[in-house]
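S.K.: My questions all concern the structure below.
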Amino acid sequence: MTNTTHFGYKTVSEDEKVHEVAKVFHSVAAKYDIMNDLMSAGLHRIWKAFTIAQAGIRPGFKVLDIAGGTGDLAKAFAKQAGPSGEVWLTDINESMLRVGRDRLLNKGLVTPTLLCDAEKLPFPDNYFDRVSVAFGLRNMTHKDQALAEMRRVLKPGGKLLVLEFSKVAAPLQKPYDVYSFSVLPWLGQQIANDSESYRYLAESIRMHPDQETLKGMMEDAGLERVQYFNLTAGVAALHTGIKF
């Protein structure tokens, strides 16, 4: 019997979700940064800067950036970890990974890049000082398994950082819904010639666990001192947890 899961608001088989998510990111990879700036009015850069500050990367750190996309976090981490450090840029989507790798190379940063599934990380136990995932967890089929893998590869004392869209504050819910389901697909059509991928984005945000639920999932995965920071009234949230 085939297991089912959500792809946006649709119920699909797990295999079909993997295929559909891949199709979305193959489609949007080339325009990903432009669309992020337009969709968030540039706020995604502030959210990422806050995440980078909370990571506290020091020279020599080993860092894993999961679903690293176009490499914004990996770029900052590589500069902070320095030549004695080790920063891996990974993604399950080849189109996104190529864009990220090329951007890092264009900045003179030669870091290892790897096509891999966050639910089956090909790294040894207790290896990384920091693990990050920005706007990627909601697309994963088995989020609990992915979080357990992230904890597994962290060193004792290491920190996991999960930056993701979350549940917006109640007074903003109605205008946020109008923006998400009307403006966002229109922007996607105008800029990337793809309204459906951005409709999926809006739906996937609504299906993602809210702040408290994700906090509980991270604790269930074995992380401690889990906390979260609401960003822009909960449009996004940064969750952090420590492995002891």
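The values are calculated or read from the model by the stated rules, or taken from the named source; none is laboratory data. The shown structure was predicted, so the numbers you read here are calculated from the model rather than taken from an experiment. Glycine gets a Cβ as well: all are built from the backbone with ideal geometry, and neighbour counts include every protein chain shown. Keep in mind that these areas ignore ligands, DNA and RNA; they rest on the heavy atoms of the full protein, side chains included. Shrake-Rupley method; radii C 1.70, N 1.55, O 1.52, S 1.80 Å.
S.K.: Can you give me the long-range amide H partners of residue 142? Hydrogens built in the peptide plane at 1.01 Å from N, cutoff under 5 Å, separation of 5 or more residues or another chain.
M.R.: Those qualifying (amide H under 5 Å, at least 5 residues apart or on another chain) number zero.
S.K.: Next up: Classify the range 21-151 from the C-alpha gyration tensor, please: rounded if a/c falls under 1.5, else prolate or oblate depending on whether a/b exceeds b/c. All intermediate terms of the calculation are to be shown ahead of the outcome.
M.R.: Details: a/c = 1.44, a/b = 1.12, b/c = 1.29.
It is rounded, given that a/c, with a ≥ b ≥ c, falls under 1.5.
S.K.: Here's a follow-up. Please tell me the relative contact order of the chain in percent, rounded to the nearest whole number, where contacts are Cα pairs under 8 Å and at least six residues apart. Mind showing how you got there, number by number?
M.R.: Details: 449 pairs, mean separation 46.7, N = 244.
Computed over the chain, the figure is 19 percent.
S.K.: Evaluate the relative contact order of the range 103-226 (contact order divided by residue number), counting alpha-carbon pairs under 8 angstrom at least 6 apart; express in whole percent. Please list the in-between numbers first.
M.R.: On the way: 126 pairs, mean separation 29.4, N = 124.
Dividing the mean separation by the residue count of the range 103-226 yields 24 percent.
S.K.: Specify the residue with the greatest mean-square fluctuation among 113, 51, 213, computed from a Gaussian network of the chain linking alpha-carbon atoms under 10 Å apart.
M.R.: Result: 213 has the largest fluctuation of those listed.
S.K.: For a Förster distance of 22 Å, can you work out the FRET efficiency between the beta-carbons of residue 120 and residue 15, rounded to the nearest 0.05?
M.R.: Efficiency, from the Cβ-Cβ distance: 0.90.
S.K.: Could you go through the range 168-175 in sequence order and give the Karplus-derived ³J(HN,Hα) for each residue, using 6.51 cos²θ - 1.76 cosθ + 1.60 with θ = phi - 60°, rounded to whole Hz, and x for Gly and Pro?
M.R.: Per residue, the Karplus-derived 3J(HN,Hα) values read 6, 4, 3, x, 9, 4, 5, x Hz.
S.K.: Between rounded, prolate and oblate, where does the range 16-87 land on the alpha carbon gyration tensor, with a ≥ b ≥ c its root eigenvalues, rounded for a/c under 1.5, else prolate if a/b exceeds b/c? Can you show the working numbers first?
M.R.: On the way: a/c = 2.74, a/b = 1.59, b/c = 1.72.
Here the range 16-87 falls in the oblate category.
S.K.: Please report the accessible area of residue 16 (heavy atoms, 1.4 Å probe, ligands and nucleic acids excluded) in Å², nearest 10.
M.R.: Its accessible surface works out to 80 Å², give or take rounding.
S.K.: Out of 108, 71, 85, any idea which swings most in a Gaussian network model of the chain, alpha carbons joined below 10 Å?
M.R.: In the Gaussian network model the winner is 108.
S.K.: Counting each DSSP H run of 4 or more residues in the chain as -39500 (n - 2.57), what helix-only mean residue ellipticity at 222 nm follows after dividing by all residues, to the nearest 500 deg cm²/dmol?
M.R.: Numbers: 10 runs with 109 residues, N = 244.
So the calculated ellipticity at 222 nm is -13500 deg cm²/dmol.
S.K.: In addition: Can you give me the C-alpha center-to-center distance between the range 11-84 and the range 152-206, rounded to a whole angstrom?
M.R.: Going from one Cα centre to the other spans 13 Å.
S.K.: Same structure again: For the range 23-135, calculate the relative contact order in percent as a whole number, restricting contacts to Cα pairs under 8 Å that are 6 or more residues apart.
M.R.: Working: 175 pairs, mean separation 32.9, N = 113.
RCO, the range 23-135: 29 percent.
S.K.: Please work out the Cα convex hull volume for the range 81-182 and give it in Å³ per residue. List each step's numbers first, then the result.
M.R.: Values: hull volume 16.0 nm³, N = 102.
Once divided by residue count, the hull of the range 81-182 is 157 Å³.
S.K.: Antiparallel versus total DSSP beta bridges in the chain: what percent is that, nearest 5?
M.R.: In the chain, DSSP labels about 50 percent of beta bridges as antiparallel.
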